[in-house]
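The values are calculated or read from the model by the stated rules, or taken from the named source; none is laboratory data. Small disclaimer: the values here were computed from a predicted structure and weren't measured. Because the Cβ atoms are built from the backbone with ideal geometry, glycine has one as well, and the counts that use them run over all protein chains shown. Just the protein is used for accessible areas: all its heavy atoms, side chains included, with ligands, DNA and RNA removed. Shrake-Rupley method; radii C 1.70, N 1.55, O 1.52, S 1.80 Å.
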Amino acid sequence: SRPSPRTCARRCSTPGRRTTWTSATWAPPPAPFSFKRLMSTESQLLVWKSMGLPADDLSQENALVIDNGRRLVPFIIDPASVCLGWLKATLEEDKRRPLEVVPSQSPRFVNQVELSVRFGKTLMLVEVDRLEPMLYPLARRDLSNAGPRLAVRVGDKVVDYNENFRMLLVTRSPDPFLPPDAAALLTVVNFTVTRSGLENQLLGSTIQHEQPELEKAKSAMLKREEDFKVQLAELERKLLEELATAEGDILENTVLIESLAQTKVKSREILDALEEQRRASEELDVQRERYRSFSGRGAKLYFLLEQMAQVNGMYVFGLGEFLGTFRSVLELDTGDSGDTERRLERLGHSLVQTVYRFAARAMFKADRLLFALHLVKGMSDMFLDKEWEVFVGDLVGGDRARDFPSWAAAEHEPAFSTLETHLPRLVESLELGGSGWSRFAASPEAERDLPTVRGLSAWQRVLVVQALRPDR
């Protein structure tokens, strides 16, 4: 028999006992909290996904905030326009409130705002960077009574206020400034692309192209799982209703007892079906994960590309253009249709080359080599500790080296000293006293005449040439 809570507490408080309160209780651990599970259903998220909402957790949680938020005005930060299509499609479904999309630079801006307030439309203001002063009364809902009607001030006019009116602000600025008085009236919803979000989005695109049946099977399973959950909730509601409306002695109510037995059998069947669905879903997820390395490579590449804006403010590349480039790479025929791992490896190399060619056309020639090295550094794992820092000059040594070779030019001694100080194992493996190094010192193509050294990586060869033959 199970011990009582009092017995458990006594056991836990007794000195020398190894039993703890956690191990003595029999209650199962609570399920981890999920904001999506609390605020939505799988079927709703599937519908939104079909409307263009990205499938990552951040985008779906942001969508739930927009859909359920009513007290404050949503201020949507969407630099890559990933949610604009979904937002318009969702708002257009509400027939009671027609959607009005108004750019902030529109010459009829004030007039369109007044009409939206008067006729109860959904007003979506795009390309905004702040909350305009004329919109503060709308955001605060500074309403006044004009007889039986409600009114609000919009600019210089007082217009009738329709209770159906709703306002949303959308900006592409990644870091807009909101003063405190405006921030108190807005719900900031940030759709800025994250690494994990973009990786999941690229994973969905990859699977949709490579294995579309997996994506269809996953969607079908989620739909069936949602149907089972709805049936289970309906059985619980029906059971409670029958118990509440039962008359007389429940133990003698044969109709109620039979209904309870049928409900128990049906609920057990549904729970078994849900368990089977869960196992099948896990098997599908294992197959999907085979493509995650490629999608992760694409996400890393996009953020490396985004960092080039620090070099020049004109080097800004939209997510839409990157996604188009990514999909074009998926269309390539690598000749490895039967070997998934080999095909993904070749597609990964093609993706880096395609993105480099795409972005380099928009850069100054002086920055293209920098961009290429930036991609090499970010996408490759060939660098050992301190090798990149030595290459770019973040680490320096002294003016004099201990074992500076006699065949090298004297002006190269500080560079060799840096190599000797921070990469001593590399210098020891070179065996600089060998006969082949004299030819290397005098060769017009020193990189081709570098003596063969066992265990020397391609990047370490670059470091040696940089230190001893910087002219190459």
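Data overview
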{"read-out": "Largest-first ordering by accessible area, 1.4 Å probe, given options W48, W388", "value": "W388, W48"}
{"read-out": "Net lengthening on full extension, K377/S50 (0.36 nm per residue, minus Cα-Cα)", "value": "114.0 nm"}
{"read-out": "Percentage relative contact order, the stretch 45-164, counting C-alpha pairs under 8 Å, at least six apart", "value": "19 percent"}
{"read-out": "Loop-located GluC sites (Glu not before Pro) in the stretch 181-283, at most 13 other Cβ atoms within 10 Å (DSSP)", "value": "E247"}
{"read-out": "Solvent exposure ordering (accessible area, 1.4 Å, most first) of L430, L38", "value": "L38, L430"}
{"read-out": "Projected-area average for the stretch 383-471 over all orientations - Cα convex hull basis, square nanometres", "value": "5.3 nm²"}
{"read-out": "Per residue solvent-accessible surface (Å²) - the chain, probe of 1.4 Å", "value": "59 Å²"}
{"read-out": "Around D160: net Lys/Arg minus Asp/Glu count, Cβ-Cβ under 12 Å", "value": "+2"}
{"read-out": "Within the stretch 81-116, trypsin sites (Lys or Arg not before Pro) in DSSP loop having at most 16 other beta-carbon neighbours inside 10 Å", "value": "K95, R96, R108"}
{"read-out": "30 Å Cα-Cα reach of K157 towards lysines, excluding residues that sit fewer than 8 places from it in its own chain", "value": "K88, K95, K121"}
{"read-out": "Diffusion coefficient, µm² s⁻¹, Stokes-Einstein with Kirkwood Rh over alpha-carbon pairs of the stretch 197-331 at 20 °C and 1.002 mPa s", "value": "112 µm²/s"}
{"read-out": "Net charge of Cβ neighbours under 12 Å - reference A409; Lys, Arg +1; Asp, Glu -1", "value": "-2"}
{"read-out": "Pairwise centroid distance, computed over Cα atoms, of the stretch 166-186 with the stretch 116-136, Å", "value": "11 Å"}
{"read-out": "Cα gyration tensor shape of the stretch 272-426, rounded if a/c is under 1.5, else prolate or oblate by comparing a/b with b/c", "value": "prolate"}
{"read-out": "Within straight-line cross-link reach of K386, lysines at Cα separation under 19 Å, skipping those fewer than 8 residues along the same chain", "value": "K377"}
{"read-out": "Zone residues, the stretch 438-472, relative to L395, backbone N less than 11 Å from point 7 Å out along Cα-to-Cβ", "value": "none"}
{"read-out": "Cα gyration tensor category, rounded, prolate or oblate, for the stretch 88-189 with a/c compared to 1.5", "value": "oblate"}
{"read-out": "Accessible surface of the chain, 1.4 Å probe, proportion on carbon and sulfur as whole %", "value": "52 percent"}
{"read-out": "log₁₀ of I(q)/I(0) at q = 0.08, 0.09, 0.10, 0.13 Å⁻¹ - the chain, Debye sum with one point per alpha carbon", "value": "-0.82, -0.94, -1.03, -1.23"}
{"read-out": "Cβ-defined net charge surrounding G318, 14 Å radius [Lys, Arg +1; Asp, Glu -1]", "value": "-2"}
{"read-out": "Contour excess over end-to-end distance, with Cα ends at E283 and L239 and 0.36 nm allotted per residue", "value": "12.4 nm"}
